[in-house]
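Enquirer: Got a structure here, written out as C-alpha cells. Questions coming.
Any read-out appearing in this document is the output of simple, stated calculations on the displayed coordinates, not a laboratory observation. Because the structure is predicted, anything quoted here is derived from the model rather than measured. No Cβ is skipped: glycine too gets one built from the backbone with ideal geometry, and neighbour counts run over all protein chains shown.
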2 protein chains.
Amino acid sequence: MTIAPEEDRLHAQISFALEIDKLKRVLRRNHLMDGSRRENDAEHSWYVGMLAMVLAEHAPEGTDIQRVVAMLLVHDLVEIDAGDTFIYDTEAVAAQADNERAAADRIFSLLPDPQGAELRALWDEFEAMRTPEARFAKALDRLAPILANHHNDGGTWGLFKVRAAQVREKVEIIEEGSPSLGAFARELVELSVSRGHLAE
Amino acid sequence: MTIAPEEDRLHAQISFALEIDKLKRVLRRNHLMDGSRRENDAEHSWYVGMLAMVLAEHAPEGTDIQRVVAMLLVHDLVEIDAGDTFIYDTEAVAAQADNERAAADRIFSLLPDPQGAELRALWDEFEAMRTPEARFAKALDRLAPILANHHNDGGTWGLFKVRAAQVREKVEIIEEGSPSLGAFARELVELSVSRGHLAE
C-alpha cells in the first residue's frame with residue numbers, strides 16, 4: 001500500500017497534537033486569580049492569547065495582533081520538556097535557554113515541513129523580542145502574573161519572597177512592548193507596595 | 001479629576017480580563033489525553049486554537065484561520081455562567097441555549113464598545129455554524145474529545161455510556177467543517193468500536 005503524502009502530513013500533525021496535550025500538565029508558579037490553585041501552561045497560554053485580543057489597542061500602531069495571538073499560543077510549548085522556570089530565579093533562567101532550544105528542536109520537528117519550521121520561527125521570534133509583535137506578546141506574558149498577584153493580595157510574590165525591585169524590572173519589559181500597559185502595570189505594582197502586599 | 005476615556009476603556013478591558021480567568025475553573029466531561037484528570041474550558045480553548053493552526057490545511061480553501069483561532073479562544077466563555085453541558089445530554093443541550101445567550105449578554109458587555117460587540121459576534125458566528133470559519137471551528141471542537149477518547153481506551157465514552165451511533169453524529173459535524181478531518185475522525189471511531197472501546 002502506498003500512503004499518500006497528505007496522509008503522512010495528517011499523521012504527523014496528529015502526533016504533534018497528542019504531544020502538546022502535555023502542556024496542560026506543566027504547572028507554573030503563579031496561581032489563578034482566585035488563588036485556588038497553581039495555573040498550568042495551557043490555560044495560561046489561552047489567557048494571554050485572549051489578553052492580546054482584548055488589549056490590542058495598547059500595542060504600537062501596525063502591530064499584527066493575529067501574529068501576537070499565534071505566538072502566545074505556542075510560546076510555552078518548549079516547557080513540555082524543559083519545565084517552567086520561575087522568572088525571578090535568575091540562575092535557573094540562564095541554564096534554561098539550552099534546554100528550551102533542545103525542546104523546540106524536538107517538539108516542532110514532529111510537524112511536517114514547512115509547518116514545523118514556521119511555528120518554530122514564531123517561538124524564536126518571541127524569545128528574541130526584536131519585533132513589535134514579540135515585544136507586545138512578552139509584555140502580556142509579564143502582565144498576566146502581575147494582574148493575578150495584585151488581585152490576590154500579593155499572591156505568589158509573598159509566597160516566594162519576591163521584592164518590589166524585581167517586579168519593577170518586569171514592568172520595564174512591559175513598557176518596551178506597550179507604554180500604556182507599562183504605566184498601568186507600574187500603578188498596580190506601586191499600589192501593591194503601598195498596601196503591604198509586595199515588600200520593598 | 002477627569003478620567004480620560006482611554007483610561008475608562010482600559011479599566012473595562014481589565015474587568016473583562018479578571019472575569020474570564022474563571023474559565024479555568026469550568027470543568028468539562030472529558031479528560032486529558034493521559035486520562036489523569038478532567039479538562040477545563042480554558043486549556044481546552046487553547047488546545048482547539050492550536051489545532052486550528054496545526055490543521056489549517058484541512059479547512060476549505062479561503063477559510064480565514066486567524067478568525068477560526070479567535071473564535072475558538074472565545075467559544076466557551078459563556079460557560080463561566082452557564083456551565084459545561086455534556087454534548088450527549090440532548091435535553092440539557094436544548095435548555096442550555098437560553099442560559100448561554102444570557103451569559104454572552106453579561107460577559108461580553110463588560111468590554112467597551114465596539115469591542116464587546118465584536119467578540120460577541122465571533123461567538124454568535126460560531127454558534128450559528130453558517131460560515132466556513134464557524135464550521136471548521138466546530139469541527140475541531142468536536143474532533144478534540146474524539147482524539148482524546150480514542151487515545152485513552154474509550155475514556156469518557158465508557159464512563160458516560162456513550163454509544164457509537166451518538167459519536168457518529170458528531171463525526172457528521174466534523175465532516176461539514178472539513179471532509180478530510182471528518183474521514184479521519186470516522187476512522188478513529190470505527191477503530192475504537194473494533195477494539196471494544198466504544199459500544200455499538
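Enquirer: If you keep only loop residues by DSSP, which GluC sites (Glu not before Pro) in the stretch A:1-65 have at most 11 other Cβ atoms within 10 Å of their Cβ?
Expert: A:61
Enquirer: Could I ask something else about it? What's the center-to-center distance, using Cα atoms, between the stretch B:165-181 and the stretch A:46-98 in Å?
Expert: One Cα centre to the other: 34 Å.
Enquirer: Where does the charge balance sit around residue B:86 when Lys and Arg score +1, Asp and Glu -1, over other residues with C-beta under 11 Å from its C-beta?
Expert: -1
Enquirer: Say a label goes 7 Å from Cα toward Cβ at residue B:7 in every copy; what distances in nm does this one have to the rest, shortest first?
Expert: The projected label point of residue B:7 is separated from its counterparts by 6.4 nm.
Enquirer: Are there trypsin sites (Lys or Arg not before Pro) in the stretch B:113-200 that DSSP puts in a loop and that have at most 11 other Cβ atoms within 10 Å, and which ones?
Expert: Here the sparse-neighbourhood loop sites are B:130, B:161, B:195.
Enquirer: Please give the calculated 222 nm ellipticity per residue for the protein assembly as shown, where each DSSP H segment of at least 4 residues contributes -39500 (n - 2.57) and the sum is spread over every residue; nearest 500 deg cm²/dmol?
Expert: Helices in the protein assembly as shown give a 222 nm mean residue ellipticity of -21000 deg cm²/dmol.
Enquirer: Hey, what do the phi angles of the stretch B:66-73 turn into as Karplus ³J(HN,Hα) couplings, whole Hz, using 6.51/-1.76/1.60 and θ = phi - 60°, x for Gly and Pro?
Expert: These are the phi-based 3J(HN,Hα) values: 4, 5, 4, 4, 4, 4, 6, 5 Hz.
Enquirer: Also: How many times 2.2 N^0.38 Å is the alpha carbon radius of gyration of the stretch A:1-151?
Expert: 1.10
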